[in-house]
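Asks: Supplied in structure tokens, the structure appears directly below.
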Amino acid sequence: MQIGEGIGPFHNANETLINKGGGLSMVDTKVPFEVSDQMREFADRSIDQARKAFDNFMDATENAVSSMEDASSTMHVDSSDMHRQALSFAEQNVNSAFELAQRMFQARDMEELVGLQQEYLHKQMEQSGAQMREMGEKASRAVKDAAKKAGDF
């Protein structure tokens, strides 16, 4: 296929150009997935089990952080707050990935699958930016507080 062939007013709206072996090829994005209900149920159960395992891991991690905080100093409190926030962000990000996986198994065609992936990536980019800003603000406050406390001595 030549570049540009099949593009224009006679191009099928359900087809997308992909790079295949150095050339471009048309792929029908409206082809339905052939995933049995049994496979979907298996995938849902697997994702649920993975989510529960992750939740148990996060509970254990939070318990470990809590026990370490009991023996911490005032300076460590700021650090612990940042660690807790980082864990919270990690949990949010993993939960978003689990939600994406569940939604992807419900997709009926390639177009819906690609749309779900694009939506997820857009949301994650926004969320990552917000998370980084929040962590930066916390770090800045911690440094200012530490400098102020150091000046009080």
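The values are calculated or read from the model by the stated rules, or taken from the named source; none is laboratory data. Bear in mind the structure is a predicted one, so any value in this text is a computation, not a measurement. Cβ sites come from the backbone with ideal geometry, for glycine too, and all protein chains shown count toward neighbours. With ligands, DNA and RNA removed, areas are computed over all heavy atoms of the protein, side chains included. Shrake-Rupley method; radii C 1.70, N 1.55, O 1.52, S 1.80 Å.
Asks: Can you figure out the FRET efficiency of residue 119 with residue 147, using R₀ = 41 Å and their beta-carbon distance, to the nearest 0.05?
Replies: For R0 = 41 Å, the calculated efficiency reads 0.45.
Asks: Same structure again: With a 1.4 Å probe and every protein chain left in place, tell me how much accessible area residue 133 has, in Å² to the nearest 10.
Replies: Counting only protein heavy atoms, the figure is 150 Å².
Asks: Next question, about the same structure. With the cut-off at 1.5 for a/c, could you classify the stretch 80-153 from its C-alpha gyration tensor as rounded, prolate or oblate?
Replies: prolate
Asks: Please work out the FRET efficiency for the pair residue 59 and residue 106, using the Cβ-Cβ distance as r and a Förster radius of 22 Å; give the result to the nearest 0.05.
Replies: FRET efficiency, residue 59 to residue 106: 0.20.
Asks: Moving on to the next point. Please list the non-local residues whose amide H lies under 5 Å from the amide H of residue 109, H modeled 1.01 Å from N, same-chain partners needing a gap of 5 or more.
Replies: 33
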